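Beneath this line is the structure, given in structure tokens, with notes to follow.
FYI, it's all coordinate maths here, none of it is from the lab. Values in this document were obtained by computation on a predicted structure and should not be read as measured data. Positions of Cβ are generated from backbone atoms using ideal geometry, with glycine treated the same way; all protein chains shown enter the neighbour counts.
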Amino acid sequence: MAKTHWHYPRSEFAKSTFAVLVDGPLPGITLFGPRRTGKTEFLTQDLAPLAENAGHRVVYANFWQALESPLAILLYELDFALRHGTILDRVQNAAADLAPKFKIKNPVGEGEVEIDLARLKGRAPDNLLLLLDQYCERLADDQKPTLLLFDEFQELARGDAAKPMIAALRTSLEKRKNGIASVFTGSSQERLRSMFSPTQAPFFRFALQHDLPPFDHAFVDHQLKAFRTTFKASIDADEARAVFDNGDRNPLLLQRWLMARGMHPHLNAEAALDKVNADLAGEFGFAEKWLQLTAIQRAAARALAERVTPIFGAAGATRMSSLLHEPPPAPQRIQAAIRKLVRLGLADKWDESWRLADPIFEAWIRNRPETDF
Ligand SMILES: Nc1ncnc2c1ncn2[C@@H]1O[C@H](COP(=O)(O)OP(=O)(O)O)[C@@H](O)[C@H]1O
Ligand SMILES: [Mg+2]
């Protein structure tokens with residue numbers, strides 16, 4: 001968010017998270033929250049400033065779609081934190097578009113080290129894993145532990161390429177558990193847990209597991225206040241709450257709806273919501289994603305979006321049958337369709353049931369005509 005008055009501070013949660021990180025029993029915590037529910041904003045705008053103001057160093061690394069270069073991203077961020085300091089600098093210099101080759105400062109001794117992304121495909125070279133350890137050594141501080149914020153950490157669990165890095169990271173962090181504390185966020189509960197829960201998991205017993213608390217109506221009130229500040233006009237609070245509640249309490253959706261109301265005052269509540277849904281669908285490419293799917297995959301996605309349970313049982317089959325105008329699909333066909341949705345990153349397991357991974361995509365699918373299969 002550009003303008004700070006739109007940011008709703010999660011101060012209490014930031015304080016308790018910080019306390020657990022600095023004084024808690026384990027070297028880290030995991031934070032699960034569905035996509036676009038405020039994880040990044042919490043890390044960079046609530047937790048990081050709190051820690052920095054208390055004199056702690058903070059490193060922020062985002063692994064979203066970083067399949068080929070997570071180690072490079074991490075080294076870049078560790079270097080950035082040592083050289084420049086604050087998270088504000090960091091957010092203004094996104095690491096997402098790393099050059100194919102870049103240089104970081106040698107954490108021990110003189111000079112610079114060149115990172116060549118092409119060389120990082122496949123197994124991470126041992127010298128770079130050593131470098132990772134040296135950065136951790138430089139950053140560790142027993143008096144004021146450094147915070148490492150790993151955003152969308154579950155992405156590292158896709159495929160085997162990141163395995164050596166994960167093992168090295170665990171060792172490096174374990175060695176400095178008094179000097180470094182970590183937050184691992186994830187938008188896939190299942191994949192995040194797979195890295196922390198099973199006894200053979202790479203970060204077994206390394207982090208306390210938390211969920212990012214969802215926003216409540218105080219968030220809506222705060223956003224209405226921001227709206228008044230920006231647009232010098234006011235919005236009916238019940239209308240805003242309805243948009244928020246019907247949109248699964250998604251902060252982004254409410255914020256976009258308020259922007260649409262402010263910028264297009266002739267639109268009523270419903271028309272503004274239609275506009276926002278259409279805009280978001282374009283921005284996130286929902287139509288293209290939908291077109292990739294076969295009829296049965298769409299029907300499965302629709303049933304998931306409607307939260308039909310059990311999805312693999314009679315209820316799921318009956319719903320898909322009515323959407324497809326054909327006899328109820330066999331359980332194996334439903335399973336295959338959902339597996340495909342999972343592989344595409346569109347569906348995920350969540351509190352022991354299957355869901356669509358992106359709440360905004362979910363709402364878009366629910367709003368499609370029933371003839372779309
Ligand atoms: N604390 C907050 N105050 C105001 N808006 C927020 C807040 N957290 C999230 N948002 C809104 O929701 C959007 C998505 O948040 P983000 O942190 O990117 O989600 P995530 O990292 O979980 O995918 C933000 O761009 C912003 O518009
Ligand atoms: Mg994020």
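Treat each spin label as a single point 7 Å out from the Cα along the C-beta direction, and report the Arg228 to Trp64 distance in nm.
With each label point 7 Å from Cα toward Cβ, the separation is 3.2 nm.
Find how much the distance from Ala167 to Val22 grows on full extension, using 0.36 nm per residue of separation minus their present alpha carbon separation; answer in nm with one decimal. Numbers along the way, then the final one.
Details: separation 145, 0.36 × 145 = 52.20 nm, distance 2.32 nm.
Result for the pair: 49.9 nm of gain on full extension.
About its Cα centre, how strong a charge dipole does segment 217-284 have in debye, to the nearest 20, once Lys and Arg get +1 and Asp and Glu get -1 at the Cβ? Intermediate results must be reported in sequence, preceding the final value.
Values: 8 positive and 10 negative charges, 69 e Å.
That gives a dipole near 320 debye.
Given +1 on the Cβ of Lys and Arg, -1 on the Cβ of Asp and Glu, and no further charges, what dipole in debye does the chain carry about its Cα centre, rounded to the nearest 20? Spell out each step's value before the answer.
Values: 47 positive and 47 negative charges, 94 e Å.
Once rounded to the nearest 20, the dipole reads 460 debye.
Mean residue ellipticity at 222 nm from the helices of the chain, using -39,500 (n - 2.57) per DSSP H segment of n ≥ 4 over the full residue count, to the nearest 500 deg cm²/dmol?
Details: 17 runs with 183 residues, N = 373.
Rounded to the nearest 500, the figure is -15000 deg cm²/dmol.
Taking 0.36 nm per residue of separation and subtracting the Cα-Cα distance, what length does fully extending Leu130 through Asn106 add? Intermediate results must be reported in sequence, preceding the final value.
Working: separation 24, 0.36 × 24 = 8.64 nm, distance 1.12 nm.
Gain on stretching Leu130 to Asn106: 7.5 nm.
Have a look at segment 217-284 and give its Rg and Dmax from the Cα atoms, expressed in angstrom.
11.0, 30
With a/c under 1.5 counting as rounded, go ahead and sort segment 1-52 into rounded, prolate or oblate using the C-alpha gyration tensor (a ≥ b ≥ c being the square roots of the eigenvalues; past the cut-off, prolate if a/b is larger than b/c, else oblate). Show your work: numbers first, answer last.
Working: a/c = 2.63, a/b = 1.56, b/c = 1.69.
It comes out oblate by the Cα gyration axes.
Listing Leu149, Leu344, Leu293 from the residue with the fewest other Cβ atoms within 10 Å to the one with the most, what is the order?
On the way: Leu149 27, Leu344 14, Leu293 18.
Ascending number of Cβ neighbours within 10 Å: Leu344, Leu293, Leu149.
Efficiency by 1/(1 + (r/R0)^6): what FRET value for Glu239 and His7, r their Cβ-Cβ distance, R0 = 30 Å, to the nearest 0.05?
Details: r = 22 Å, r/R0 = 0.75.
Given R0 = 30 Å and the Cβ-Cβ separation, E is 0.85.
Return the loop-located GluC sites (Glu not before Pro) in segment 206-311 (DSSP other than H, G, I, E, B) with at most 16 other Cβ atoms within 10 Å of their own Cβ; answer none if there are none. It would help to have the intermediate numbers written out before the result.
On the way: sites: Glu239, Glu270, Glu283, Glu288, Glu306; in loops: Glu306.
Filter output for segment 206-311: Glu306.
Quick check: pseudo-label points 7 Å beyond the Cα along Cα→Cβ at Lys175 and Leu88, how many nm apart are they?
Between Lys175 and Leu88, the label points sit 3.5 nm apart.
Between Asp160 and Asp351, how many nm apart are label points set 7 Å from Cα along the C-beta direction?
Once both label points are built, they end up 3.7 nm from each other.
How big is the chain by the Kirkwood estimate over distinct Cα pairs, in Å? It would help to have the intermediate numbers written out before the result.
On the way: mean 1/r = 0.0444 Å⁻¹.
Result for the chain stands at 22.5 Å.
Which of Leu253, Phe231, Ala218 sits closest to the plus end of the dipole of segment 217-284, meaning its Cα is farthest towards the positive end, when Lys and Arg get +1 and Asp and Glu get -1 on the C-beta?
Farthest towards the positive end: Phe231.
If r is the Cβ-Cβ distance from Ser194 to His266 and R0 is 41 Å, what FRET efficiency results, to the nearest 0.05? Mind dumping the intermediate values first?
On the way: r = 49 Å, r/R0 = 1.21.
Efficiency computed from Cβ-Cβ geometry: 0.25.
Would you be so kind as to identify which of Val59, Ile87, Ala118 lies farthest towards the positive end of the dipole of segment 49-125, taking Lys and Arg as +1 and Asp and Glu as -1 on Cβ and the Cα centre as origin?
Ala118
For Cα pairs less than 8 Å apart in space and 6+ apart in sequence, what is the mean separation divided by the residue count of segment 216-280, i.e. the relative contact order in percent? Spell out each step's value before the answer.
Working: 42 pairs, mean separation 17.2, N = 65.
With pairs under 8 Å counted, the relative contact order is 26 percent.
Tell me which GluC sites (Glu not before Pro) from segment 35-113 have a DSSP coil assignment and no more than 13 other beta carbons within 10 Å of their own.
On the way: sites: Glu41, Glu52, Glu68, Glu77, Glu110, Glu112; in loops: Glu68, Glu110.
When the GluC sites (Glu not before Pro) of segment 35-113 are filtered for loop state and at most 13 Cβ neighbours within 10 Å, Glu110 remain.
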